[in-house]
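Read the figures in this text as sums done on the coordinates, not as results from a lab. Bear in mind that the values here come from a model prediction, so they are computed numbers and not experimental data. Using ideal geometry, Cβ is built from the backbone for each residue, glycine included, and neighbour counts are taken over all protein chains shown.
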Amino acid sequence: MDPQMFQLVCFYAFAAVTVLAALSVITLRNSVHAVLALVLTFFSTACIWMLAEAEFLAIALIVVYVGAVMVLFLFVVMMLDIDQEKLREGFVKYLPVGLIVAIAMLVEMLGLIGVRIMHAQTMGDNPATAAGLSNTAWLGMALYSQYLLPFEVAALILTVGVIAAVALTLRQRKGVRHQQASEQVAVKASDRVRIIKMAAERSADSEPTPAQESKP
């Protein structure tokens, strides 16, 4: 078989699996099954990126999302006791608005694809291929040389976002015990433990047994 034809067949196969898995995410009733379908969607998308010679994006999608984020989502969904009936209440009422938003997003994505195709016709080859490097090597050299400052700014923004998320979700609830590090460090042994010295006394009711009298 021609290599280009084989690559095209693989692309259509991966694209079909991606679309079916994405539809399964929003149609399956079981939350665990939906998460597993999302894992399959990410993996199929990574295969498509691999065919497009975007090795770094494919590996990052599998390692970060499939290997870490989605596994965490799966554990959270399995541990939570979610009432599916309450989640489905009022779903039909918001269906027209959801369809309008979905159609608008589809039109925007089609427009972006059209712009991408027009730019691809005017632009040259892939810069990584033109430089004789792999996608990962070229992306690393460009990221840490030409775009080092934007990369550091993005890392700073993500760090601030994580800290802000923790600060916004941290709240004190009544009836729940919380650890106070400052109070724990300031605790003294004399405040928690009191040693009492008492004299040993034997009551009159406790007579020594013969075994105790025979002991030297």
### Task
Within 10 Å of each residue's Cβ, count the other Cβ atoms and sort Thr159, Thr129, Thr169, Thr136 from fewest upward.
Thr169, Thr159, Thr129, Thr136
### Query
What is the spread of the Cα atoms of the stretch 9-83 along each of their three principal axes, largest first, in whole Å?
42, 23, 10
### Message
Please rank Leu74, Leu38, Leu170, fewest neighbouring Cβ atoms within 10 Å first, as an exposure proxy.
### Response
Leu170, Leu74, Leu38
### Message
Eigenvalues of the Cα gyration tensor times 5, then square-rooted: what semi-axes does that give for the stretch 127-169, in whole angstrom, largest first?
### Response
33, 10, 5
## Note on the structure
Cβ density ranking, 10 Å radius, fewest first, applied to Glu152, Glu55 yields Glu152, Glu55
